[in-house]
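**Student:** This is the structure I have questions about; it appears just below.
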There are 2 protein chains.
Amino acid sequence: MVSERSLAVLHAIVGDYVSSNEPVGSKAIVDRHSFGVSAATIRNDMALLEEDELIAQPHTSSGRVPTDKGYRLYVDTLARIRPLSSAQRSAIERFLGESSDLDDVMARTVRMLSQLTNQVAVAQYPSLRRTVVRHIDLVAIGEDRVLSVLILGSGVVEQQVALLPASRVTEAWVHGLRQRIADAAVGSDVETATAALARLEEDISAWSQPDEIDLVRRVLAVVSGQLQANRNDRIAVAGAANLSRPGGEFAGSLPVVLEAIEEQVTLLRLFGELVHDDRDVSASIGRENEAYGLSETSIIASKYEDGIAISKLGVLGPLRMDYAGNIATVRAIARYLNRFLGEER
Amino acid sequence: MVSERSLAVLHAIVGDYVSSNEPVGSKAIVDRHSFGVSAATIRNDMALLEEDELIAQPHTSSGRVPTDKGYRLYVDTLARIRPLSSAQRSAIERFLGESSDLDDVMARTVRMLSQLTNQVAVAQYPSLRRTVVRHIDLVAIGEDRVLSVLILGSGVVEQQVALLPASRVTEAWVHGLRQRIADAAVGSDVETATAALARLEEDISAWSQPDEIDLVRRVLAVVSGQLQANRNDRIAVAGAANLSRPGGEFAGSLPVVLEAIEEQVTLLRLFGELVHDDRDVSASIGRENEAYGLSETSIIASKYEDGIAISKLGVLGPLRMDYAGNIATVRAIARYLNRFLGEER
DNA sequence: CTTAGCACTCGGATCAAGTGAGTGCCAGGG
DNA sequence: CCCTGGCACTCACTTGATCCGAGTGCTAAG
């Protein structure tokens, strides 16, 4: 276990290194912080910290730099989370308040987040498992295809085309089918609706012409698919330009990071694993992301709830980032989003 | 005007420089190409090319590098466009063939394009000005808000919420309004439908209760807005990771490029201006993009038609790119997309 | 018009010496 | 027992000098 003051020294090192991007030496610490001790004492503490692999020196004789482990201890011992300035808060409120549909909300959220943190911002779309089916529509858009439109709670719309080969569907037939499906599903939540559709399909022969059963089955399959198509697997991203900021952070790993952003699957899994403990905001630092090839990046994520289910949002940036500030910002944005999606409903 | 052989020398320089990333000297040219002349002669030609500002030397005494102007002349005098290999062609066909809806088609297209060219690929969504309104739906999703869903040709869906403050809309009222709007607009193309809605609004008092006129106006405004919301202003992007490829191309301008990709507005304008001449595929090189801050990038774009309107797609990359290959690939993909969207309809 | 020869230029690599920030350690003092 | 001042040491980085060679422009001859 590290002593009280050693921990303070670690905090000083992390803080100074983050803002200066240069290894920090014992002298610099006594200059910039008012520990009541001399540089030699700091050096002793630093020797201890180095023994615990919390800090390291890039070259035999130069200042110290936090290791992954050091950053980890730093965020774990971060005392209070500095709240945002009132200017920032009102900016968030104003900017989010203007948004129209869900896509817009997500886009504005990540944009805001990336601007406030100067990092890449990522947000998972809210889960829809518990949301309610508001409306189902079937539209014939050709002789052999039917478009199914599903409107879910808070205005999310799912659309998909059902191909009905070698058939000639009529408006009336489509309308009747729509009525039946809507009666079964509209008003219930997604899970219940799925079950209802399954029952509908079971005694399909009771209400369909024998030669239409196959067509009806196809349509039902598409609608069920839409219900399953949990939009939770979509994410919004913003601020990729921050990756190329001066400082040359991501020297070699920039392509990997850019790929991860494009391959949303990686990000989804990464955020998915960040359930961690009961804390609302958690961090994953450096090597902890090694499995995804992102061992030079840190991720700060927070869950947010849309009143129905839990989703995540956060930022991704270099190891050397302002953890304290970013944690505060991510948490603040998550809370605003909570509130916003809550009252929207 | 440059002589025949000088032009050949320019082509050699561009070709060698693109593949080697090193200034190319007179000796290298006679080694790698079989001009029937000596290095000294090449040097004379190079002096001419330099006088015309088609090539330049980075340092007083080193090989030559093409200038923007040189690249321009190079692509303008590119003789034949090498067709793609049959393996590539079948890969394109297979990959595009699997796609389901429009979003998927666009995503697969840019992905394919970025992989084949190793550059950033961009594609404008097809224009919808001439497309037909298939279906209009209004759904009350609360006492004071109505969701309008618009289904356009080829299955594109527009959705937007109309806020009706301090009102208590009923299912019946919404249904009646929907009927009236659908009667006016469904079946006509977007422009005609817009006009029809305008007429509907003109004699609004003839068919609405006086106290409802304001509400109806709001709904009409939203629907008209959706009709205007030409999805032509959306783009798909892929391959941002290619920007960070070794070679250190975009030394300082990387942030600018990443920002441009995120700020889709810039790309839209850029591609919009690339109508140029009657050629199907055109290029914009280096300083020609200065107005957008992209003076270190080149863009190769081609128009494609979805049977109804014209849109664009292309790649964006460093000045030093394989113009010949990329032009061929962009053209090929545009043609496949033409065909694909055509038969889809 | 082309070619061979030649002097010249200049970027980049290599090396030596000097500088200074920072360290570890030790002996003395509260 | 912990802190402090002092001191020798390490080593990355800078500067300047030198060298090398690819590549050029020019000129005179074929």
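FYI, it's all coordinate maths here, none of it is from the lab. Fair warning: this is a prediction, and the values are worked out from it, not measured in the lab. Every residue, glycine as well, gets a Cβ built from its backbone with ideal geometry; the counts of neighbours run over all protein chains shown.
**Student:** Segment A:97-139: percent of C-alpha pairs farther apart than 13 Å?
**Tutor:** Working: 589 of 903 pairs.
I get 65 percent for the Cα pairs in segment A:97-139 exceeding 13 Å.
**Student:** Two decimals, Cα atoms only, Kirkwood Rh: what is Rg/Rh over segment B:181-224? Walk me through the numbers before you get to the answer.
**Tutor:** Working: Rg = 10.3 Å, Rh = 10.6 Å.
On the Cα set of segment B:181-224, Rg over Rh gives 0.97.
**Student:** Another question, if that's okay. Inside 10 Å of the C-beta atoms of A:234-240, what's the mean count of C-beta atoms belonging to other chains? All intermediate terms of the calculation are to be shown ahead of the outcome.
**Tutor:** On the way: counts 0, 0, 0, 1, 1, 3, 7.
Average per residue, whole number: 2.
**Student:** Related question: With n ≥ 4 as the cut-off for DSSP H runs, can you work out [θ] at 222 nm for chain A, using -39500 (n - 2.57) per run divided by the number of residues, rounded to the nearest 500? Mind showing how you got there, number by number?
**Tutor:** On the way: 12 runs with 159 residues, N = 345.
Dividing the helical sum by the residues of chain A leaves -14500 deg cm²/dmol.
**Student:** Something else now. Based only on Cα atoms, what mean projected area does the convex hull of the protein assembly as shown have, in nm²?
**Tutor:** Values: hull surface 155.1 nm².
Averaged projected area of the protein assembly as shown's Cα convex hull equals 38.8 nm².
**Student:** Using only Cα atoms, tell me the angle between helix A:4-20 and the longest principal axis of chain A; keep it within 0 to 90° and round to the nearest 10.
**Tutor:** Helix A:4-20 sits at roughly 70 degrees to that axis.
**Student:** With each label point set 7 Å from Cα along the Cα-Cβ vector, what nm distance links residue A:85 and residue B:78?
**Tutor:** So the label points at residue A:85 and residue B:78 sit 5.0 nm apart.
**Student:** Which value, to two decimals, describes the C-alpha radius of gyration of segment B:117-190 once divided by 2.2 N^0.38 Å? Spell out each step's value before the answer.
**Tutor:** Numbers: Rg = 16.4 Å, N = 74, 2.2 N^0.38 = 11.3 Å.
My calculation over the Cα atoms of segment B:117-190 gives 1.45.
**Student:** Moving on to the next point. Give the cross-link partners of residue A:303 among the lysines, using a straight C-alpha distance below 28 Å as the criterion and excluding same-chain residues fewer than 8 apart.
**Tutor:** A:69, A:312
**Student:** Specify the angular offset, from 0 to 90 degrees and rounded to the nearest 10, of the alpha carbon long axis of helix A:86-97 from the longest principal axis of the alpha carbons in chain A.
**Tutor:** 20
**Student:** Next question, about the same structure. Taking chain B as the reference, fit the longest principal axis to its C-alpha atoms, fit the long axis of helix B:39-51 to the helix C-alpha atoms, and give the angle between the two in degrees, 0 to 90, nearest 10.
**Tutor:** 40
**Student:** Mind pulling the per residue volume of the convex hull built on the Cα atoms of chain B? Å³ is fine.
**Tutor:** Once divided by residue count, the hull of chain B is 163 Å³.
**Student:** Relative contact order for chain A using alpha-carbon pairs under 8 Å, separation at least 6, rounded to a whole percent?
**Tutor:** On the way: 532 pairs, mean separation 65.7, N = 345.
Reported as a whole number, the value is 19 percent.
**Student:** While we're on this one: Can you give the longest stretch of chain B with no exposed loop site, where a site means GluC sites (Glu not before Pro) in a DSSP loop (not H, G, I, E or B) with at most 14 other C-beta atoms within 10 Å? Mind showing how you got there, number by number?
**Tutor:** Numbers: sites that count: B:53, B:98, B:143, B:263.
In short, B:144-262.
**Student:** Can you give the three extents of the C-alpha atoms in segment B:55-170 along their principal axes, from longest to shortest, in whole Å?
**Tutor:** Dimensions of segment B:55-170 along the principal axes of its Cα atoms: 80, 39, 24 Å.
**Student:** Using only alpha-carbon positions, what ratio does the radius of gyration of segment A:40-87 give when scaled by 2.2 N^0.38 Å?
**Tutor:** Numbers: Rg = 14.2 Å, N = 48, 2.2 N^0.38 = 9.6 Å.
This ratio for segment A:40-87 stands at 1.49.
**Student:** Taking the Cβ of residue A:213 as the centre, find all other residues whose Cβ is under 15 Å away and add up their charges (Lys, Arg: +1; Asp, Glu: -1). Walk me through the numbers before you get to the answer.
**Tutor:** Values: positive: A:180, A:217, A:218; negative: A:201, A:202, A:203, A:211, A:212, A:214.
Net of charged neighbours comes to -3.
**Student:** Could you list B:137, B:280 so that the one with the fewest beta carbons within 10 Å of its beta carbon is first and the one with the most is last? Each step should come with its number before you reach the end.
**Tutor:** On the way: B:137 21, B:280 14.
The order, fewest Cβ neighbours first, is B:280, B:137.
**Student:** Shortest first, in nm, what separates the label point of residue A:335 from those of the same position in the other copies (7 Å along Cα→Cβ)?
**Tutor:** For residue A:335, the other copies' label points sit at 6.0 nm, shortest first.
**Student:** Still on this structure: Taking a label point 7 Å from Cα toward Cβ, how far is residue A:264 from its twins in the other copies, in nm, shortest first?
**Tutor:** Distances between equivalent label points, in nm: 1.2.
**Student:** Placing unit charges on C-beta atoms (Lys and Arg positive, Asp and Glu negative, everything else neutral), compute the dipole magnitude of chain B about its Cα centre in debye, rounded to 20.
**Tutor:** Values: 36 positive and 47 negative charges, 204 e Å.
Charge dipole of chain B: 980 debye, to the nearest 20.
**Student:** Here's something else I'd like to know. Given Cα positions, please report Rg to Rh for segment A:1-129, the hydrodynamic radius being the Kirkwood one. Don't skip to the answer; put the middle values down first.
**Tutor:** Working: Rg = 19.8 Å, Rh = 17.4 Å.
Taking Rh as the inverse mean 1/r over Cα pairs, Rg/Rh reads 1.14.
**Student:** Between copies, how close do the residue B:34 label points come, placed 7 Å along Cα→Cβ, listed in nm from shortest?
**Tutor:** Output for residue B:34: 8.3 nm, nearest copy listed first.
**Student:** Determine the principal axes of the Cα atoms in segment A:98-253, then give the extent along each, sorted from largest to smallest and rounded to whole angstroms.
**Tutor:** Principal extents (Cα only, largest first): 70, 31, 28 Å.
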